[in-house]
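**Q** First the structure, then my questions, so here it is.
The values are calculated or read from the model by the stated rules, or taken from the named source; none is laboratory data. None of these values were measured; they are calculated from a predicted model. Neighbour counts are summed over all protein chains in view; Cβ atoms, including those assigned to glycine, are modelled from backbone coordinates with ideal geometry. Surface accessibility is based on the protein's heavy atoms, side chains included, excluding ligands, DNA and RNA. Shrake-Rupley method; radii C 1.70, N 1.55, O 1.52, S 1.80 Å.
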Amino acid sequence: MIHRLLELYGKTVRVTDPDRRIASETGPTKTELVEYYVKVAPRLLPFLRGRPVSTVWLPDHSTQEFRFARSAPAACLGRFPICRLVGLDRSRQERYLSVPDAETLAGLINYGCLSFHPWSSTASAPMRADRVVFNLDPERIAFREVRNAALLLRDLLAACGLMAWVKTSGGQGLHVIVPVNGSLSYADVRLIPETIVT
């Protein structure tokens, strides 16, 4: 199999199928995607570290559809860090990917992961959210309108005494994120956006 070696934080990372185009014939190659994630790792990892993450994966060769994985795909077990959490039905443990460092980040991208969706809680306190996320996910409107809505929401939250910041969502939308103290249940946290938008 064709591969390329990249230098990452003093370590050599092997990128398999390095010239494979992502999403389209004009999309970035796997090598370019790995290099991009390595470049943004210092800013991205604080949002991922210590949290269970769900993931989106390269399209399946047969269906060409992107694959969303809420928990860790079976092929990742034994290859990447995992956190084990009791499932919502309390009957069994579920395994979630964990991304503690840039080396793991690059390895997952090389393995076919495209984006990461961290929980609003940490692995050590999975039922207690420490952030509220307003997901602005547009349909058929200009991105500038989504941006303006996110900034307006941030200002509204500030007027309510809540600090918030805006970040890209990984798709076409934006997230407005409000840190909370980690003592709230998910049910309590859900009341915050419901109260604000009604």
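**Q** If you go through segment 139-160 one residue at a time, how many are open to solvent by less than 80 Å² (accessible area, probe 1.4 Å), more than 14 Å from V178 (Cα to Cα) and either of a type outside the set (G, A, S) or in contact with an Asp or Glu (Cβ under 7 Å, 6 or more places away or on another chain) (or both)?
**A** So the count comes out to 2.
**Q** If the Cβ limit is 6 Å and pairs must be 6+ apart or interchain, which residue in segment 127-152 that is more than 21 Å from F47 (Cβ to Cβ) and in a helix (DSSP H, G or I) pairs with which residue that is open to solvent by less than 90 Å² (accessible area, probe 1.4 Å) and not β-branched (V, I, T)?
**A** That search, which allows pairs on different chains as well, returns A149/L136.
**Q** Let me ask you something else. Among the residues of segment 84-126, count how many are part of a strand (DSSP E or B) and among the aliphatic types (A, V, I, L, M).
**A** Summing the residues that are part of a strand (DSSP E or B) and among the aliphatic types (A, V, I, L, M) in segment 84-126 gives 4.
**Q** Now, a different point. Within segment 24-58, count every residue that is open to solvent by 30 Å² or more (accessible area, probe 1.4 Å), in a loop (DSSP other than H, G, I, E, B) and either among the aromatic types (F, W, Y) or without any contact (Cβ under 8 Å) to a residue 40 or more places away in the chain (or both).
**A** 4
**Q** While we're on this one: Please enumerate the residues belonging to segment 165-193 that are open to solvent by less than 30 Å² (accessible area, probe 1.4 Å) and free of Cβ contacts under 8 Å to residues at least 24 places away in the same chain.
**A** none
**Q** Next question. Say we look at segment 107-148 and pick out the residues that are in contact with a Leu (Cβ under 6 Å, 6 or more places away or on another chain) and of a type in the set (G, A, S); which of these is farthest from S54 (Cα to Cα)?
**A** Restricting to residues being in contact with a Leu (Cβ under 6 Å, 6 or more places away or on another chain) and of a type in the set (G, A, S), the top hit is A129.
**Q** OK, next. Give the number of residues within segment 85-101 that are modelled with pLDDT of 90 or more and either touching a Phe, Trp or Tyr at 6+ places or on another chain (Cβ under 9 Å) or closer than 21 Å to V40 by Cβ (or both).
**A** 6
**Q** Here is a check on your reading of the model: is T63 at pLDDT below 90, surrounded by 15 or more Cβ atoms within 10 Å (Cβ to Cβ) and over 24 Å from S121 (Cβ atoms)? Lay out the reasoning, then the answer.
**A** Working: at pLDDT below 90: yes; surrounded by 15 or more Cβ atoms within 10 Å (Cβ to Cβ): no; over 24 Å from S121 (Cβ atoms): yes.
Against the criterion (at pLDDT below 90, surrounded by 15 or more Cβ atoms within 10 Å (Cβ to Cβ) and over 24 Å from S121 (Cβ atoms)), T63 does not qualify.
**Q** Mind counting the residues in segment 95-113 that are open to solvent by 30 Å² or more (accessible area, probe 1.4 Å) and under 16 Å from P28 (Cα atoms)? Spell out the reasoning first.
**A** Filtering segment 95-113 for residues open to solvent by 30 Å² or more (accessible area, probe 1.4 Å) gives 95, 100-101, 103, 111.
Add one more test, that the residue is under 16 Å from P28 (Cα atoms), and what stays is 111.
Result for segment 95-113: 1.
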